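The values are calculated or read from the model by the stated rules, or taken from the named source; none is laboratory data. Quick caveat, the model's predicted, so the values are computed rather than measured. Because the Cβ atoms are built from the backbone with ideal geometry, glycine has one as well, and the counts that use them run over all protein chains shown.
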Amino acid sequence: MPVVAVVGGQWGDEGKGKIIDLMAQEAEFVIRSQGGDNAGHTVVNPLGEFALHLVPCGVFNPEAVCIIAPGVALNPAILIEEIDRLQASGVSTDRLLLSDRAQMVMPYHLLLDRALENQRADDPIGTTGRGIGPAYGDKVARVGLRMGDLLHPDTLEAKVRVAVQRANGSLGSMGSSQRADVEQIVKAYQGYAQRLGPMIRDIAPMVSQAIARDASILLEGAQGTLLDLDHGNYPYVTGSSCTVAGLLQGVGIPPRAFSRAIGVYKAYSTRVGSGPLPTELLDATGEYIRERAHEFGATTGRARRVGWFDSVVSRYTVAINGFDAVALTRIDMLDEMSSVKLCTAYELDGERLELPPSNLDLHARCQPIYEELPGWRKNTRGTDRFEDLPKEAIHFIQRIEALLGIPVNLIGLGPERSERIMRQPLWPLASG
Ligand code: GDP
Ligand code: IMO
Ligand code: MG
């Protein structure tokens, strides 16, 4: 039953896109099941370089069926742009399907996102501004529109009218001068319906048939576990469940059918937006890593905050997800460092902590306890075998394995699909 989930173990941007593109070569289905176009997944493969926001990274495998599942908050305008860009690059999107249950991101969600951030100007979340929080808010309030609504033009206008009235009321009460316009939205969404209509359907029968015949199904996580609505650093989180369990729920896959979870971690930490980052480097070293690794968001272009690898939060995300193995990316970005640090524990008020405190203020006060390791000061790009890595890099990776208690199966040494060392398969073996 190869249902495999690939999930971010940190604060997003761990390099999931690259891993999913690689694993998708062996997948029959690749499914996005949560988040929306707040995600930015970079793929570099023989077809070119792509930053995908909604289309699953399996789209480069012409044999794979790509699905956007019920748990996603889908902005049809962004999806159409993305499909057009892919097609212009010669990538077929013919095997892309959209769940009629997926929530739709509407133009007023973007206005509400901005108004909410303006309202908390002294303490913003630092959202991507893609309307994701308000779209999920409407879902929970049970006033959202879903992709299936595009298939019913007769009732679409009435639904939009009610939703716009509600949204404009909220905008007014938040002091925003922006308003959504019913006619404009209806016209635009009728156009989206024409374009996307043929791709929209109930995906549940297809997914259950795929499970029944043991098809290989790859679940593409977006964001990262520390941005999860329940388990992340609330309120500095996203609107969806970014964990393995969240992915299963977002598609409608029974936990019993699940096989394996791969956690994607970067060799250091980055975070876009606000919230605790105890290992943050606010000095020249942080600046150096940001510039060398070009740590600027794929969705918003914002500079990412940079810090050392934090095994306290990483142990926590291993536990929350039950990861079987790690894909450790961007080792090559540390190639020139004379020494590298790993945060092994926190100190808080004289006490040693192995796991992060749930209370955010306490988390922000934690002092990292570091282990400093010698750097390797050698180019690792192009290395094919683990044994051929510099011994210092091997030691660094082995320390991470020991600190997290699970194996590092893949080591990323560059952005391209082929730039990695595969120590153990990421897909389960046929017998497993
Ligand atoms: P995602 O959101 O988790 O898919 O990650 P992003 O695409 O937002 O950011 C990861 C960045 O790292 C992208 O620019 C990738 O091309 C790049 N990348 C992924 N793995 C590696 C790696 O092992 N080495 C290097 N140098 N870059 C990588
Ligand atoms: P991928 O899939 C990194 C962050 C935002 C902000 C918080 C809430 O590329 O890893 P939102 O717009 O979701 O309401 O913003 O979540 N965030 C991400 N950070 N990678 C992402 O996705 C993110 N998606 C959301 O920066 O801090
Ligand atoms: Mg990203």
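Where strands (runs of 3 or more DSSP E) sit wholly within segment 290-396, those with at least 2 residues that are touching a strand residue (DSSP E or B) at 6+ places or on another chain (Cβ under 7 Å), within 16 Å of ligand 3 (Cβ to nearest atom) and in contact (Cβ under 8 Å) with a residue 12 or more places away in the chain occupy 305-307, 325-329. When you scan segment 359-378, do you find a residue that is surrounded by 13 or more Cβ atoms within 10 Å (Cβ to Cβ) and among the acidic types (Asp, Glu), even just one? Yes, the conditions are met somewhere in segment 359-378.
Would you check if Ser259 is under 18 Å from the mean Cα position of the chain (by Cα) and of a type outside the set (D, E, K, R)? No: the conditions fail for Ser259. Evaluation of Ile125 against the conditions (1) in the same structural domain as Gln223 (by TED's automatic domain parsing); (2) outside any helix (DSSP H, G or I); (3) among the β-branched types (Val, Ile, Thr); (4) away from ligand 1 (no atom under 16 Å from the Cβ) shows that the sole unmet condition is (1). Scanning segment 38-69 for residues that are within 12 Å of ligand 1 (Cβ to nearest atom), of a type outside the set (A, V, I, L, M) and surrounded by 24 or more Cβ atoms within 10 Å (Cβ to Cβ) yields Asn38, His41, Pro56, Cys57.
Among the residues making up segment 72-104, those that are touching a Leu at 6+ places or on another chain (Cβ under 9 Å) and farther than 21 Å from Tyr189 by Cβ are Leu86, Ser89, Gly90, Val91, Ser92. Residue-level check: of (1) in contact with a strand residue (DSSP E or B) (Cβ under 7 Å, 6 or more places away or on another chain); (2) without any contact (Cβ under 8 Å) to a residue 40 or more places away in the chain; (3) of a type outside the set (A, V, I, L, M, F, W, C), Arg213 misses just (1). Exactly one residue out of Met174, Met206 is surrounded by 13 or more Cβ atoms within 10 Å (Cβ to Cβ), outside the structural domain of Glu82 (by TED's automatic domain parsing) and modelled with pLDDT of 95 or more: that is Met174. Scanning segment 80-94 for residues that are surrounded by fewer than 18 Cβ atoms within 10 Å (Cβ to Cβ) and not β-branched (Val, Ile, Thr) yields Glu81, Asp84, Arg85, Gln87, Ala88, Ser89, Gly90, Ser92, Asp94. Could you identify the single residue in Arg114, Arg95, Arg32 that is of a type in the set (Lys, Arg), under 24 Å from Asp228 (Cβ atoms), away from ligand 1 (no atom under 16 Å from the Cβ) and at pLDDT 95 or above? Among Arg114, Arg95, Arg32, only Arg114 is of a type in the set (Lys, Arg), under 24 Å from Asp228 (Cβ atoms), away from ligand 1 (no atom under 16 Å from the Cβ) and at pLDDT 95 or above.
Is one or more of the residues making up segment 82-105 part of a loop (DSSP other than H, G, I, E, B) and over 29 Å from Asn61 (Cβ atoms)?
Checked against the condition, which is being part of a loop (DSSP other than H, G, I, E, B) and over 29 Å from Asn61 (Cβ atoms), segment 82-105 yields no hits at all.
You will find that of Ala222, Ala245, the residue that is closer than 22 Å to His41 by Cβ and part of a loop (DSSP other than H, G, I, E, B) is Ala222 and no other. How many of the residues making up segment 397-432 are in a loop (DSSP other than H, G, I, E, B) and within 16 Å of ligand 2 (Cβ to nearest atom)? Qualifying residue count for the region: 1. Give Thr279, Thr238, Thr225, Thr270 a once-over and let me know the one that is of a type in the set (S, T, N, Q), modelled with pLDDT of 95 or more, closer than 24 Å to Ile80 by Cβ and touching a Gly at 6+ places or on another chain (Cβ under 8 Å). Only one candidate passes the filter, namely Thr238.
Once segment 1-10 is narrowed to residues that are within 16 Å of the chain's Cα centre (by Cα) and assigned to a loop (DSSP other than H, G, I, E, B), the residue that is surrounded by the fewest Cβ atoms within 10 Å (Cβ to Cβ) is Gln10. Scanning segment 162-171 for residues that are surrounded by fewer than 18 Cβ atoms within 10 Å (Cβ to Cβ) and in contact (Cβ under 8 Å) with a residue 24 or more places away in the chain yields one hit, Ser170.
How many residues are closer than 19 Å to Gln223 by Cβ and away from ligand 3 (no atom under 16 Å from the Cβ) if we restrict to segment 254-266? So the count comes out to 2. Among residues that are within 26 Å of the chain's Cα centre (by Cα) and either loosely packed, with under 14 Cβ neighbours inside 10 Å or more than 16 Å from ligand 3 (Cβ to nearest atom) (or both), Ile125 is included. Residue count for segment 126-158, restricted to those that are touching a Pro at 6+ places or on another chain (Cβ under 9 Å) and among the acidic types (Asp, Glu): 0. Entry remark, segment 179-218: residues being within 23 Å of Ala257 (Cα to Cα) and hydroxyl-bearing (Ser, Thr, Tyr) number 2 in total.
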